[in-house]
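Chemist: The structure is given below, and queries will be raised subsequently.
The values are calculated or read from the model by the stated rules, or taken from the named source; none is laboratory data. Keep in mind it's a predicted model, so treat the numbers as computed, not measured. Each accessible area value is taken on the protein alone, full model and side chains, heavy atoms only, with ligands, DNA and RNA left out. Shrake-Rupley method; radii C 1.70, N 1.55, O 1.52, S 1.80 Å.
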Amino acid sequence: FLAAATNLRYATNLPIMEAQAILQGLKLAMEQGWRKVILESHAENVITEINIGIPPIMPNGNIIEEIKLLVEKFIYCQFSFTRRLGNQATHELVKLVNITGCNKVWFD
């Protein structure tokens with residue numbers, strides 16, 4: 001299990017922030033050598049955009065495209081929607097990032 005939160009000051013809206021967080025999660029999984037992953041997010045619209053694919057001209061399009069390219073390097077990769085209540089560890093890390101301004105990762 002891994003929960004992570006990062007400070008994305010340059011992101012302009014919540015869907016872009018969520019898509020960036022998922023992308024960073026994939027990159028971290030690759031760095032750790034994990035090739036079978038399930039990524040969960042409470043941003044249902046972003047999960048749907050990843051699972052069905054969206055045109056690159058959409059606001060999240062370039063990030064979604066980068067996610068799709070990175071997914072090809074995994075043996076198994078699934079994106080799943082989970083309600084915020086089911087994602088409490090990440091929610092708490094986000095609050096800590098907002099206070100400290102530093103990225104946080106929790107491995108279990």
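Chemist: From the backbone phi of region 26-40, what are the Karplus-calculated ³J(HN,Hα) couplings (6.51 cos²θ - 1.76 cosθ + 1.60, θ = phi - 60°) in whole Hz, Gly and Pro given as x?
Modeler: Those phi angles translate into 5, 5, 5, 4, 4, 4, 7, x, 7, 10, 10, 9, 10, 9, 10 Hz.
Chemist: Report Leu39's accessible area, 1.4 Å probe, all protein chains in place, as a number in Å² to the nearest 10.
Modeler: Rounded to the nearest 10, that gives 30 Å².
Chemist: Taking H placed 1.01 Å from N in the peptide plane, check which residues at least 5 places from Val37 or on another chain put their amide H under 5 Å from its amide H.
Modeler: Tyr76, Cys77, Gln78
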